[in-house]
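Here's the structure we're looking at; comments come further down.
Every number here is computed from the coordinates shown, using simple stated rules; none is lab data. Quick caveat, the model's predicted, so the values are computed rather than measured. Here the Cβ is made from the backbone with ideal geometry for all residues, glycine too, and neighbour counts use every protein chain on show.
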């Protein structure tokens, strides 16, 4: 089945130790998104790619970076995680074809910062 | 920034009852979408309604959109315990990009 896959599902890191979360998709969608979601809150968009074009949200900290080496994969790098970065990180994809369509979400990676 | 606001923020009903959730937003939109999120999981897309549509159905779901009032409602008929989840409305702004702006979400509990 076509899907959005996130690895790992759970990630524990230490304060200040860089961490990379990965997302892959088999949907061949041209848009990929990264969201941060804290407990009982709505997902907050960090950035997204439309094809190779990177779109950063104005309030996304510089500590968060992203890479999209090809259509299928997208990575979220947190350069120096702080305690406040503990959250669920959600990857999503969508197909933009002249219409704005629904997003397909992965299961998320829960990040713990010790 | 969040645009949508769901109302009520929490709803508890008995299995078999209908559940209605409302969403208000602030700017002109291209479309409005509803998502469900089970605890600790990713979001699942439920239904998308475009700005030129007024009502849409999908199984036990019925969505309405009133662009003059900038509001939408999601009706789940004959609810089941498995419908217990958080529900979010999200909008794509008119003239904007492919970004979704999420509301705060609403927690629905369906008691067996």
Requested in this report: May I ask you to verify whether residue B:74 is within 12 Å of chain A (Cβ to nearest Cβ), part of a strand (DSSP E or B) and within 10 Å of the chain's Cα centre (by Cα)?
Outcome: no
Report task. Considering each residue of region B:77-98, count those that are within 14 Å of another protein chain (Cβ to nearest Cβ), surrounded by fewer than 19 Cβ atoms within 10 Å (Cβ to Cβ) and without any contact (Cβ under 8 Å) to a residue 60 or more places away in the chain, and give that number. Result -> 1
Requested in this report: Could you run through region B:16-41 and say how many residues are more than 14 Å from chain A (Cβ to nearest Cβ), out of contact with any strand residue (DSSP E or B) (no Cβ under 7 Å at 6 or more places or on another chain) and over 22 Å from residue B:52 (Cβ atoms)?
Outcome: 2
Query raised in the report: With respect to residue B:18, is the statement that it is surrounded by fewer than 16 Cβ atoms within 10 Å (Cβ to Cβ) and within 23 Å of residue B:109 (Cα to Cα) true?
Result: yes
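Could we say that residue B:104 is touching a residue at least 24 places away in the same chain (Cβ under 8 Å), within 9 Å of chain A (Cβ to nearest Cβ) and over 21 Å from residue A:97 (Cβ atoms) here? Walk me through how you get there before you give the answer.
On the way: touching a residue at least 24 places away in the same chain (Cβ under 8 Å): yes; within 9 Å of chain A (Cβ to nearest Cβ): yes; over 21 Å from residue A:97 (Cβ atoms): yes.
For residue B:104, the condition - touching a residue at least 24 places away in the same chain (Cβ under 8 Å), within 9 Å of chain A (Cβ to nearest Cβ) and over 21 Å from residue A:97 (Cβ atoms) - is met.
So which of B:54, B:50 is more than 10 Å from the chain's Cα centre (by Cα) and away from every other protein chain (no Cβ under 14 Å)?
On the way: B:50 fails: away from every other protein chain (no Cβ under 14 Å).
Among B:54, B:50, only B:54 is more than 10 Å from the chain's Cα centre (by Cα) and away from every other protein chain (no Cβ under 14 Å).
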Query raised in the report: Restricting the search to region A:22-52, which residues are in a strand (DSSP E or B), within 13 Å of residue A:86 (Cα to Cα) and more than 10 Å from chain B (Cβ to nearest Cβ)?
Result: A:36
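Among A:81, A:69, A:107, which is more than 10 Å from chain B (Cβ to nearest Cβ), under 26 Å from residue B:105 (Cβ atoms) and in a loop (DSSP other than H, G, I, E, B)? Working first, answer last.
Details: A:69 fails: under 26 Å from residue B:105 (Cβ atoms); A:107 fails: more than 10 Å from chain B (Cβ to nearest Cβ).
The unique qualifying residue is A:81.
With the condition kept exactly as written, say whether any residue in region A:64-79 is out of contact with any strand residue (DSSP E or B) (no Cβ under 7 Å at 6 or more places or on another chain) and either surrounded by 19 or more Cβ atoms within 10 Å (Cβ to Cβ) or touching a residue at least 40 places away in the same chain (Cβ under 8 Å) (or both). Don't jump to the end; show me each part of the working.
Going residue by residue through region A:64-79, those that are out of contact with any strand residue (DSSP E or B) (no Cβ under 7 Å at 6 or more places or on another chain) are A:69-71.
Restricting the remaining residues to those that are either surrounded by 19 or more Cβ atoms within 10 Å (Cβ to Cβ) or touching a residue at least 40 places away in the same chain (Cβ under 8 Å) (or both) gives A:71.
Within region A:64-79, one or more residues are out of contact with any strand residue (DSSP E or B) (no Cβ under 7 Å at 6 or more places or on another chain) and either surrounded by 19 or more Cβ atoms within 10 Å (Cβ to Cβ) or touching a residue at least 40 places away in the same chain (Cβ under 8 Å) (or both).
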Requested in this report: Determine, yes or no, whether residue A:15 is assigned to a loop (DSSP other than H, G, I, E, B) and either in contact with a strand residue (DSSP E or B) (Cβ under 9 Å, 6 or more places away or on another chain) or within 25 Å of residue B:34 (Cβ to Cβ) (or both).
Outcome: yes
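Return the residues of region B:51-68 that are without any contact (Cβ under 8 Å) to a residue 40 or more places away in the chain and either part of a loop (DSSP other than H, G, I, E, B) or touching a helix residue (DSSP H, G or I) at 6+ places or on another chain (Cβ under 7 Å) (or both); say none if nothing qualifies. Break it down into steps so the answer makes sense when it comes.
Step one: filter region B:51-68 for residues without any contact (Cβ under 8 Å) to a residue 40 or more places away in the chain, giving B:52-68.
Hits for region B:51-68 are B:52, B:53, B:54, B:59, B:60, B:67, B:68.
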